[in-house]
Amino acid sequence: MWDSIYYFVMVPMVYIAFGTLFGGILFKFIVVLRSPKIKGTLAVFPRGPVPKLGALRDSFFIPDAFRKDKVFWFFIIAFHAAFLLLIIGHLELVREFALFQIIPHYVFLGAGWVGVVLIASTLYFLFRRFKSPWREISVPEDYIILLLLFLAFIFGSHMNLASRYGIAGFDIPVQSYREYLSSFFTSTPHVSRGIIASPHYVIVVLHVFFANLFLMLFPFSKMVHSVFMFAAQFIKRK
Amino acid sequence: MDNEKRKELIGLMKTRLTRPMRYYLDLCTRCGLCYDTCHVFYGIPKKEYSPVGRAEVVRRIFKKYLRPSGKLFPFWGDSKEIDDHSMDELLDAAFSCTACRRCMVHCPFAIDTPFLLGIAKSLLIGNESAPDELSILADGAVEKGKSIDEFKDGFREVIKDLEKEVAVKLGGVPPEGLIPMDKAGADILFVGLSGAHSIVHPAVILNSAGANWTLSWFEAVNFGAFLGDPRKMDFIANRIINEAKALGVKEVVIVECGTAYRIPKYLMGPQPFKVSSIVEVIHRFLSEGKIKLNEKTITDPVTYHDPCQLGRNGGVYEEPREILSALAADFRDMTPNRKYNWCCGGGGGLVALDNEEFRIKSGKAKYDQIVATGAKIVVSACENCIFQLDTIKAGYSMDVEMKSLTELVAENLA
Ligand code: HEM
Ligand code: SF4
Ligand code: SF4
């Protein structure tokens, strides 16, 4: 029975998760595009010389957070930069991309550190919410998302570190991950032998399970800030 | 509350779901950066008066009825039912917010809290629990728009008296025609308020500058906007817009009233005329040499309070400062100012409600700011603000004078 549960998490659920992620974001976009525009402008002044660039700057560098809380700002920037590297890293686990090798590295870019930074900042975000006033304004969604991320990061980091330092028997070679992940784009998706044979398999399954859950919740949670932030920042200057 | 009513209210909520509203409903990560940026929270530190605290009251109800995830998993986002208790929460959230949008400039996602509270106001209107004072004032303005001809004769009589006042202030010129009305082809349509001073001082300045102007039949203030009823807001604003179009004026000049300026300027879409604040017009007259001031005649320290709707939400920051720097020998800015200025607590129609004690408490931030400047004269360019500043003055027994910029200019014309 465990075999089929593992298989479900590793293959069908991954399709479901990405389907929900992209379908959900598409749905969100449709809802927004079908909602009426307003006739005036909601701008705040000064709008800045180039509103679109200003909106991008406010989105990527988050000066509003920097002004008020430097520690929080540091963790936001650290978290998001690491998350970007994480996405790149996972693409590299599908196949080699010459583009990312501009900075020559062994798979994947920033590995090891990425996990540590993500775990530290997720814990910071989580513990912050145990205190007032964040405690009072938080809703279960806020904790659940951070918890899912924490779990996915912990298992992910463990997999990475294990293979880096060749912890006896636990290291799964990059080739095995590539065989598994690239098979999603073929007609025969499967978990590679190298992964199944490892005593580490259960860790991989847990990592994929929590990541799947996160991806499925993404479009239906505050995570849509990653998509809509630019629009809202632009409204402020339009 | 019965189910029929609830359905009606959900319907009303749907009418508010514009694009920006969708973003603001989805975006908040409850990061808390806005938590202490509201002047009401500064004076009364309760979660309910933090911007995110207010917005969440709306979001939770929205999730419960109009978002699939909230319907299926109410615990996920703490969804809330529409009932008498939540209506009370909405009332407290919406009608204690002055719509100053100070929270918006501190939010990493630029969430416009008062825009979001528009949902709360719609629900309250639907439930007939919005403040009566605002409903009555808004209905009165709508009624006046529908039957203006009946008001005209009475208004002309009042204006005749005001013309005499203007004549005295202009040094005893003949009063006839000093406040022109219904003048087709005038360059400027000036829109005042119900108080005599809101017409007399601008009339002194406009006449001194030799402007080709005419006075509007209507008051600039928009109680439809304060009430949060978009149809009434549009109707009230359109009274003036249609008047301006019929007279063929080039510019509509709004008296010292922030909201009355922002609505035709930024919230009604493009118009065939320019919309200016009287402050911008005074500044223009000065730089064109059409009027002159007795420079540096005010020796007491002077500070300026940025009305939120004129400054942060209207973009008029420098003109009043330049005028004041010319008039006063010792002009001092408050800290923070301009975009980050603290609201005085009078906006959003709150000064029309019976809530003086609340407004004194929520004016604490402004009080502290004024004291820190050491100024003896506080100038502002919004009728609401001045009224509230006077409330703060009385509430904290302050030894300062609250002054309107237009009045100060009219008194100090060279
Ligand atoms: C896949 C992409 C993204 C993920 C997974 C993600 C995830 C997160 C998480 C977990 C938090 C912390 C929430 C908390 O404190 O509980 C957060 C906060 C934030 N994110 Fe993102 N984010 C993404 C993309 C973006 C993008 C593209 C931007 C803007 C360019 C952005 C801007 C912010 C800001 C300003 C915050 C601060 C507010 C806060 O911490 O609550 N994020 N993000
Ligand atoms: S600053 Fe913006 S995102 Fe953060 S809690 Fe306030 S409204 Fe929400
Ligand atoms: S708009 Fe002003 S009054 Fe309203 S919540 Fe924001 S800071 Fe407070």
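Take every Cα pair under 8 Å whose residues are at least 6 apart in sequence, average their separation, divide by the length of chain B, and the relative contact order is 16 percent.
Amide H contacts for B:GLY192 (H built 1.01 Å from N in the peptide plane; partners 5 or more residues away or on another chain; cut-off under 5 Å): B:SER216, B:ALA220. Based on the reciprocal of the average 1/r between different C-alpha atoms, the Kirkwood radius for chain A equals 20.1 Å.
Could you please tell me the mean projected area of the C-alpha convex hull for the stretch B:302-411, averaged over all directions and given in square nanometres to one decimal? Numbers along the way, then the final one.
Values: hull surface 25.3 nm².
Averaging across all directions leaves 6.3 nm² for the Cα convex hull.
For the stretch B:331-398, the relative contact order is 42 percent, taking Cα pairs closer than 8 Å that sit 6 or more residues apart in sequence and dividing their mean separation by the residue count. Here the Karplus curve 6.51 cos²θ - 1.76 cosθ + 1.60, taken at θ = phi - 60°, turns the phi angles of the stretch A:130-135 into couplings of 7, 9, 6, x, 5, 4 Hz, with x standing for Gly and Pro. By the Cβ rule of 4.7 Å, the protein assembly as shown holds the following cysteines without a possible disulfide partner: B:CYS28, B:CYS31, B:CYS38, B:CYS97, B:CYS107, B:CYS257, B:CYS344. Computed from the C-beta positions of A:ARG164 and B:ASP368 and an R0 of 35 Å, the FRET efficiency is 0.05 to the nearest 0.05. Rounded to the nearest 20 debye, the dipole size of the protein assembly as shown about its Cα centre is 2140 debye, using +1 on the Cβ of Lys and Arg and -1 on the Cβ of Asp and Glu.
Between B:GLY315 and A:PHE45, the built amide H atoms are under 5 Å apart, and every one of these is 5 or more places off in sequence or on another chain. Taking amide H as placed 1.01 Å from N in the peptide plane, the amide H of B:GLN309 sits under 5 Å from none that are at least 5 places away or on another chain.
Backbone geometry of the stretch B:370-387 corresponds, through the Karplus equation with coefficients 6.51, -1.76 and 1.60 at θ = phi - 60°, to 3J(HN,Hα) couplings of 5, 4, 4, 6, x, 6, 9, 10, 10, 9, 9, 10, 8, 4, 4, 4, 5, 4 Hz, x marking Gly and Pro.
Return the subset of A:LYS70/B:LYS403; A:LYS39/B:LYS245; B:LYS5/B:LYS265; B:LYS7/B:LYS232; A:LYS28/A:LYS236 for which the Cα-Cα distance in this structure is over 29 Å, preserving the input order. Checking Cα-Cα distances, A:LYS70/B:LYS403; B:LYS5/B:LYS265 exceed 29 Å. 3J(HN,Hα) along the stretch A:85-101, derived from phi through the Karplus expression 6.51 cos²θ - 1.76 cosθ + 1.60 where θ = phi - 60°, amounts to 4, 5, 5, 4, x, 5, 4, 5, 7, 7, 7, 6, 10, 4, 3, 6, 7 Hz, with x in place of Gly and Pro. If you average the sequence gap of Cα pairs under 8 Å that are 6 or more apart and divide by the length of chain A, what percent do you get for the contact order? Contact order relative to length: 37 percent.
Taking 4 °C and 1.567 mPa s as conditions, chain B diffuses translationally at an estimated 58 µm²/s according to Stokes-Einstein applied to its Kirkwood radius (Cα pairs).
Mean residue ellipticity, 222 nm, helices only, chain A: the sum of -39500 (n - 2.57) across DSSP H runs of n ≥ 4, divided by residue count and rounded to 500, is -21500 deg cm²/dmol.
Considering all alpha-carbon pairs of the protein assembly as shown, what whole percent are spaced by more than 34 angstrom?
Values: 110242 of 212226 pairs.
For the protein assembly as shown, the share of Cα pairs beyond 34 Å comes to 52 percent.
On a 0 to 90 degree scale, rounded to 10, what angle separates helix B:197-208 from the longest Cα axis of chain B? It works out to around 40 degrees.
From the helices alone, meaning DSSP H stretches of at least four residues, give me the mean residue ellipticity at 222 nm for chain B, per-run term -39500 (n - 2.57), in deg cm²/dmol to the nearest 500. Write down the numbers at each step before the final one.
Working: 19 runs with 206 residues, N = 414.
That comes out to -15000 deg cm²/dmol.
Where a number appears in this text, it was derived from the coordinates with a stated rule and is not lab data. Keep in mind it's a predicted model, so treat the numbers as computed, not measured. Cβ atoms come from the backbone with ideal geometry, glycine included; neighbour counts cover every protein chain shown.
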